[in-house]
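What follows is one structure encoded as structure tokens, with my remarks underneath.
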Amino acid sequence: MDFQLNEELKTLQDTARKFAETELKTKAREMDHAEKLDLSVFKKMAEQGFTALTIPEKFGGAGTYDAHMANQAACIVLEEINRRCASTGVTLSVHMSLFSSLMTKWASDDIKSRYLPDMASGKKIGAYCLSEAGAGSDAGSLQTRAKKNGDHYILNGTKLWITSGEYADVFIVMARTSDTGKTKDISSFVVDAKAPGVSISKKEKKMGIRASATNEVVLQDVKVPANNLIGEEGIGFKIALDTLDGGRIGIAAQAVGIARASVEDAVEYAKTRQQFEQPIAQFQAIQFKLADMAMRVDAARLLMYRAAWLRDNGLPCGKEAAMAKLAASEAANYCAKEAVQIFGGNGYSREYDVERYFRDARITEIYEGTSEVQRIVISRAVLA
Ligand SMILES: Cc1cc2nc3c(=O)[nH]c(=O)nc-3n(C[C@H](O)[C@H](O)[C@H](O)COP(=O)(O)OP(=O)(O)OC[C@H]3O[C@@H](n4cnc5c(N)ncnc54)[C@H](O)[C@@H]3O)c2cc1C
């Protein structure tokens, strides 16, 4: 057993940490206040090679995928990016863990060669369209339809809560190709954002991750070439759930990043803030908070690495990914709440980042499966 990162992953961690410090430390607050992502940051992340991590070299990606380290590499980068900016983090996470990973694992070589090189280089941004107004935790009840018509499909439906919807170039869309009412009706399609009939009808005003875009995406008589079907008809829900195992590891990394940011900022503040003629770090009440926070960060990170390693090695990881996401999202919320407490009144001010961590942490318990859904996944495996 080895608890050290290998040299390649250590170098990647160092690169991502420096990038986040230089490019995101101050920008994160500005983008949060403006509720707008600076897309030049995405391009810069691509220049660092981050967008290529989950894509094979043959399709323009990095060696990490071919070396069975793609998920571990993604986790390492996502922790660092999210430590500074969770809005940037979720944009990268959806692009890598939901879009590119799905395409890499399930799509034909024809689809991969048409789309993945631009995803690897960051020229294009990907989004993942599963949720609808009536289909959240119960994603299998989605109503978007895809009707075969000769050499193409016609898609109709409305997708909700789509991360990066307004600036994505390509969507992966889950839609029903038959009507038995079962999840085996669902298929996955690659849909160009510029295809006639695709429109963005709404931008959500959110509590946290405010700089990331979350949109309603409407598909009205959208003509999609039949060769943009991923795999075959009827396996779309299986693809969606398998992809979410990987996505949940990405959200665990986001949560670990927010939790770590909370601890690091709280430690620095506790050492400098004086009350009763001493730094507040001298009070055991504060020390114990910091101990509990640090323990939760480490526990969550270890669960995250385990799940990533399993997935990189082609082993089942549904339960482990759910555990990582659940533990990490609870750690993020715990740590951000305690950080606000340690900052006192300043923690409640938008002048300090812990206020943003508190708002950003909240989403990690909701998307890519709520905490209740993670507990369902874990308990099913435990009871099997
Ligand atoms: C900011 C943001 C970004 C998102 N990005 C994307 C994206 O890019 N692509 C995409 O497809 N989706 C995305 N989503 C959607 C997200 O995955 C869903 O919001 C999430 O799965 C929960 O679904 P829901 O909101 O419909 O809640 P509901 O399913 O209505 O759940 C409401 C409550 O009921 C509980 N509940 C539901 N069923 C059960 C059950 N069986 N047992 C116990 N409790 C239950 C839930 O845990 C929750 O507490 C995003 C959401 C947000 C807020």
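Any read-out appearing in this document is the output of simple, stated calculations on the displayed coordinates, not a laboratory observation. These numbers come from a predicted model, not from an experiment. When we count neighbours, we look across all protein chains shown, and the Cβ atoms used for this are built from the backbone with ideal geometry, even at glycine.
Can you tell me the order of 217-228, 335-346 when each peptide is scored by its average per-residue count of other Cβ atoms within 10 angstrom, highest first? List each step's numbers first, then the result.
Values: 217-228: 17.5, 335-346: 20.8.
By packing density, highest mean first, the sequence is 335-346, 217-228.
Expressed as cubic angstrom per residue, what is the convex hull volume of the alpha carbon set of the range 128-234?
Details: hull volume 10.0 nm³, N = 107.
Taking the convex hull of the Cα positions in the range 128-234, it is 94 Å³ per residue.
Hey, how many Å between the Cα centroid of the range 284-311 and the Cα centroid of the range 231-271?
A separation of 14 Å, based on Cα centres.
Report the Cα centroid-to-centroid distance between the range 1-15 and the range 130-175 in angstrom, as an integer.
Taking the Cα centre of the range 130-175 as reference, the centre of the range 1-15 is 38 Å away.
Step through the table entries Lys159/Lys337; Lys182/Lys238; Lys44/Lys223; Lys205/Lys289, compare each Cα-Cα distance with 24 Å, and write down the pairs that go over it.
Working: Lys159/Lys337 32 Å; Lys182/Lys238 12 Å; Lys44/Lys223 33 Å; Lys205/Lys289 32 Å.
Pairs exceeding 24 Å: Lys159/Lys337; Lys44/Lys223; Lys205/Lys289.
Quick check: net charge around Phe288, other residues with Cβ under 15 Å of its Cβ, Lys/Arg +1 and Asp/Glu -1?
Values: positive: Lys289, Arg296, Lys337; negative: Asp292, Glu338.
Net charge in that neighbourhood comes out at +1.
Mind jotting down a quarter of the surface of the convex hull over the alpha carbons of the chain, in square nanometres, one decimal? Provide the component values of the computation, followed by the final result.
Numbers: hull surface 76.4 nm².
Convex hull of Cα atoms, orientation-averaged projection: 19.1 nm².
Would you kindly calculate the translational diffusion coefficient of the range 144-188, applying Stokes-Einstein with the Kirkwood radius from alpha carbon pairs, for 37 °C and a viscosity of 0.692 mPa s, and quote it in µm² s⁻¹ without decimals?
On the way: Rh = 11.7 Å.
In µm²/s, the coefficient rounds to 280.
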